[in-house]
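The values are calculated or read from the model by the stated rules, or taken from the named source; none is laboratory data. It should be emphasised that the depicted structure is a prediction, and the values quoted were computed from it without experimental measurement. No Cβ is skipped: glycine too gets one built from the backbone with ideal geometry, and neighbour counts run over all protein chains shown.
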Amino acid sequence: MKFELLLENWKRRIKEMSEGKPKAAVLFDGAGFARLGLEQAGWDCTGFELNPIAHWLGSHIGEGKSYLKDVRDVDLSSYDAVWASPPCQIHSVANNQQSATEGKYKVDLLNWSLEIPQRFPNVKFLWVENVSKYKKKENEWGSVYNAAQFGEEPRQNRNRVIGGNFPEPEVEREYKRYYYELKDKVCPAITASEWKWSKTDKRRANRWFYEKLGRKATYHELAYRMGLDEVPSEWDEVYNKLLELEKLPRKERRDSLSDIENQVGWSQEYPNTNLTTKRWRNELIRAIGNGVYVPMAKRLGETALKDFHKEE
Ligand SMILES: C[S@@+](CC[C@H](N)C(=O)[O-])C[C@H]1O[C@@H](n2cnc3c(N)ncnc32)[C@H](O)[C@@H]1O
């Protein structure tokens, strides 16, 4: 009898385990946009990110399961899928807020990412995402998608190459580099340097916002255009606390400011630079512009999940 009970428990446990969500590692997690899309699709996601500020931002997105860790030190042997968004191959030179350590986030890990299944054959699905380049040949390592292909009401025209090993997702419209017919509804690609905007700068989405609204976009509006319906309240809380602090005399600010700087990873990333509302906003915009369009990650995740369950 005792043995039967044990067997029964064991069978139940196996069933529970097999019905659990499949696991996805999200490498280069940034502020967690790709992870959010995969979570929405039904994956159990764990992020890995090296930049302490991006990591703090991401820890308030979705389930928030993310570790501050170099992706090269992650053991992927227990994951069914991997999403990797290595640092973009095109770097903005219009970035004068770089810290001395920032170079370490820009090591080219595109091939390292594409070779993951050779190191971890257990990984059934791999999405490696990066910016698309103008020369077709340079995008041949994957397929080019436009964010505006995903969903009835797309929010952004954002071209990205996705390589690796994954089933092709269904899309609402055929690929085009630019959807002229949607130009009033869909904003151009949001760059990580959107904060460094000027009215004449054609390279940034803010120009589109300026034409529409007579002002640049808020970080809430930019996040919405990335497919994030609501900005985490913690991001705003920091902004509001900084606003309050800035009203105090300098001497009285220091302790509270240090607390906030430690909390969000600012003191690690920029040890000699005080955090201000403006710097915080710029950091948020940088993380948003670096993100993955959430509905695109969601659709890719859903398609792979269907395949995953078919195979079972
Ligand atoms: C393009 S962003 C990723 C955006 C993210 N997938 C999203 O959707 O929000 C690239 C990120 O990789 C991080 N990164 C660069 N090198 C890394 C490494 N070796 N280990 C972990 N993260 C790294 C950068 O700090 C940056 O946040």
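Among residues of region 63-87 that are more than 20 Å from I53 (Cβ to Cβ), those with a beta-carbon under 6 Å from a residue that is part of a strand (DSSP E or B) and more than 13 Å from the ligand (Cβ to nearest atom) at least six positions away or on a different chain give the pairs Y79/K23; D80/K23; A81/F125; V82/L126.
Tallying residues that are within 9 Å of the ligand (Cβ to nearest atom) and part of a strand (DSSP E or B) within region 19-58 yields 5.
Output the number of residues of region 108-127 satisfying the condition of being within 17 Å of R35 (Cβ to Cβ) and within 11 Å of the ligand (Cβ to nearest atom). Don't jump to the end; show me each part of the working.
Residues of region 108-127 that are within 17 Å of R35 (Cβ to Cβ), as a first pass: 113, 116, 123, 125-127.
Then keep just the ones that are within 11 Å of the ligand (Cβ to nearest atom); that gives 113, 127.
The qualifying residues number 2.
Of the residues contained in region 89-102, none is found to be modelled with pLDDT of 95 or more and farther than 21 Å from M296 by Cβ. Of all residues in region 221-247, those satisfying the criterion of being out of contact with any Phe, Trp or Tyr (no Cβ under 8 Å at 6 or more places or on another chain), part of a loop (DSSP other than H, G, I, E, B) and within 27 Å of E153 (Cβ to Cβ) are D229, E230, P232. Here A192 meets each of (1) touching an Asp or Glu at 6+ places or on another chain (Cβ under 8 Å); (2) surrounded by 14 or more Cβ atoms within 10 Å (Cβ to Cβ); (3) assigned to a loop (DSSP other than H, G, I, E, B) with one exception, condition (1). Within region 290-310, restricting attention to residues that are under 18 Å from S132 (Cα atoms) and surrounded by 24 or more Cβ atoms within 10 Å (Cβ to Cβ), which residue is farthest from the chain's Cα centre (by Cα)? That would be L300.
Among what's in region 145-163 and is under 18 Å from the mean Cα position of the chain (by Cα) and surrounded by fewer than 21 Cβ atoms within 10 Å (Cβ to Cβ), pick the residue that is farthest from M226 (Cα to Cα).
At the first step, the residues of region 145-163 found to be under 18 Å from the mean Cα position of the chain (by Cα) are 145-148, 150, 154-163.
With the extra rule that they be surrounded by fewer than 21 Cβ atoms within 10 Å (Cβ to Cβ), the set shrinks to 159, 161, 163.
Working: N159: 13, V161: 17, G163: 21 Å.
Ranking the qualifying residues of region 145-163, first place goes to G163.
Summed over region 59-72, residues that are within 8 Å of the ligand (Cβ to nearest atom) and either in a helix (DSSP H, G or I) or among the hydroxyl-bearing types (S, T, Y) (or both) total 2.
Taking every residue in region 203-217 that is exposed (fewer than 12 other Cβ atoms within 10 Å of the Cβ) and pairing it with any residue that is assigned to a loop (DSSP other than H, G, I, E, B), at least 6 positions away or on another chain, the pairs with Cβ-Cβ distances below 9 Å are K212/D184.
Considering only residues that are in a loop (DSSP other than H, G, I, E, B) and not β-branched (V, I, T), look in region 113-131 and name the one that is nearest to M296 (Cα to Cα). So that I can check it myself, show each step before the final result.
Step one: list which residues in region 113-131 are in a loop (DSSP other than H, G, I, E, B), which gives 115, 120-124.
Those still in the list that are not β-branched (V, I, T) too: 115, 120-122, 124.
On the way: E115: 23, F120: 25, P121: 25, N122: 24, K124: 19 Å.
Taking the candidates together, the pick is K124.
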